[in-house]
1. Provide the net charge surrounding W301, with neighbours chosen by a C-beta distance below 13 Å and charges set as Lys +1, Arg +1, Asp -1, Glu -1.
2. For segment 78-221, what is the accessible area per residue in Å², given a 1.4 Å probe and the full set of protein chains?
3. Compute for segment 1-118: radius of gyration divided by Kirkwood radius, i.e. Rg/Rh, restricted to C-alpha atoms, rounded to two decimals.
4. When the distances between all Cα atoms of segment 235-308 are binned every 10 Å from zero, what whole-number percent does each bin get?
5. So the label point goes 7 Å from the Cα of K20 along Cα→C-beta, right? Which residues of segment 31-63 then have their backbone N under 14 Å from it?
6. Cut-off 15 Å, label point 7 angstrom out along Cα-to-Cβ of I200: give me the residues of segment 229-273 whose amide nitrogen falls inside.
7. Treat each spin label as a single point 7 Å out from the Cα along the C-beta direction, and report the L82 to L132 distance in nm.
8. What translational diffusion coefficient, in µm²/s and rounded to a whole number, does the Stokes-Einstein relation yield for segment 139-286 at 10 °C and a viscosity of 1.306 mPa s, taking the hydrodynamic radius as the Kirkwood radius over Cα pairs?
Amino acid sequence: LDGAPVLDTQSRMVLDLLNKLYQVGLTKSADRVTTGRVHAIMQQLEDMPEKSSNSMWQRAERARFLLEAMELFEEFRGVTGLPVAVPLPTHETYWRVLRMYSSKYLHAGLAAKKVPQICHAIVKRMQDSGRLELQPTVVHWNQVLSALANSTDEERPLQAARLLYELDAKGCTDASSFSHALRACSALAARHQKATPKFIELAIPVAQRIWVGLKNADTVETQTYHYTHMLRVFRNEEDEAKRDENAVKIFGEAAESKRVNIHVLNEFLQVASQSAVQQLLGKPNYSKDPLVLIREIPPEWIEIVEPGGKSPYEW
């Protein structure tokens with residue numbers, strides 16, 4: 001692990017102890033490794049301050065090796081009379097590993113292109129385990145969708161949508177599922193994502209289908225971040241008239257639903273032309289600063305926040 005020699009040694013030691021316990025058995029009480037001990041190491045791996053893509057990849061890989069070593073003990077699940085409790089993986093174990101792979105910092109390089117497949121394979125192992133206590137939940141599948149959203153694969157909009165539809169048919173989606181699928185339809189330079197012709201051809205129509213599905217969902221309520229992600233999709237639209245039409249439509253839906261906050265407004269300003277903003281606001285002059293403009297738009301557009309919640313006027 002680059003820049004973390006102590007944690008590198010500690011995590012390697014736990015990995016060695018897992019393999020030793022499986023192959024030889026417990027020789028010293030100090031060598032005992034538990035599920036909780038592995039989780040503690042995984043937490044340290046996730047909490048490392050270094051956020052480069054290469055560092056995140058190294059940590060996610062180390063966590064996966066720990067998980068795979070724990071999976072060796074599955075043959076002992078349910079066996080009684082063992083001298084010590086074996087370090088079996090749990091829902092939390094899988095979630096911790098998946099969360100590292102789906103990190104927004106893991107987006108660059110050849111290794112990052114493998115991440116969605118790795119995440120899907122991990123969740124598939126849970127599914128194929130045949131054990132009720134290890135069946136994946138929406139939380140696990142959402143990490144796969146997040147990994148797709150963070151990837152640089154130009155077909156990620158279609159890949160994310162297919163998985164979303166598959167999960168939705170099983171009743172295994174929530175608000176975050178739709179959020180990640182919509183994110184897969186935008187291209188962010190910060191994540192080394194390029195809006196290639198093939199990506200653009202897929203992204204907008206796929207996002208529009210996802211949006212219809214979200215609006216028609218019985219168990220999911222459209223949130224402010226859904227509007228933000230959907231508006232961002234239209235950055236890919238090269239035709240200004242179509243871009244304005246779609247931006248005004250989505251922002252209008254957000255205003256009607258009282259879901260406008262600083263993020264929704266900022267994305268609208270990024271996507272819509274000046275004339276479209278002027279027409280929507282009904283005035284020729286307006287502040288280009290969303291922190292100022294958010295206080296000038298009709299208050300009935302603004303998101304209603306529960307006491308103690310984040311202010312819609314702040315980043």
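The values are calculated or read from the model by the stated rules, or taken from the named source; none is laboratory data. Note that the coordinates shown come from a computational prediction; the quantities given were computed from them, not determined experimentally. Cβ placement follows ideal geometry from the backbone for every residue including glycine, while neighbour counts extend to all protein chains displayed. The area values use the complete protein model at the heavy-atom level, side chains included, leaving out ligands, DNA and RNA. Shrake-Rupley method; radii C 1.70, N 1.55, O 1.52, S 1.80 Å.
1. Values: positive: K258, R259, R295; negative: E253, E256, E296, E300, E303.
My count for the surroundings of W301 gives -2.
2. Working: 6600 Å² over 144 residues.
For segment 78-221, the per-residue accessible area is 46 Å².
3. Working: Rg = 14.9 Å, Rh = 14.9 Å.
Rg divided by Rh gives 1.00.
4. For segment 235-308, the pair-distance distribution reads 19, 55, 22, 4, 0.
5. 31-34
6. Once the point is set 7 Å along Cα→Cβ of I200, 233-244 turn out to lie under 15 Å by backbone N, inside segment 229-273.
7. Taking the two extended label points, one gets 2.0 nm.
8. Values: Rh = 15.5 Å.
For these conditions, the coefficient is 102 µm²/s.
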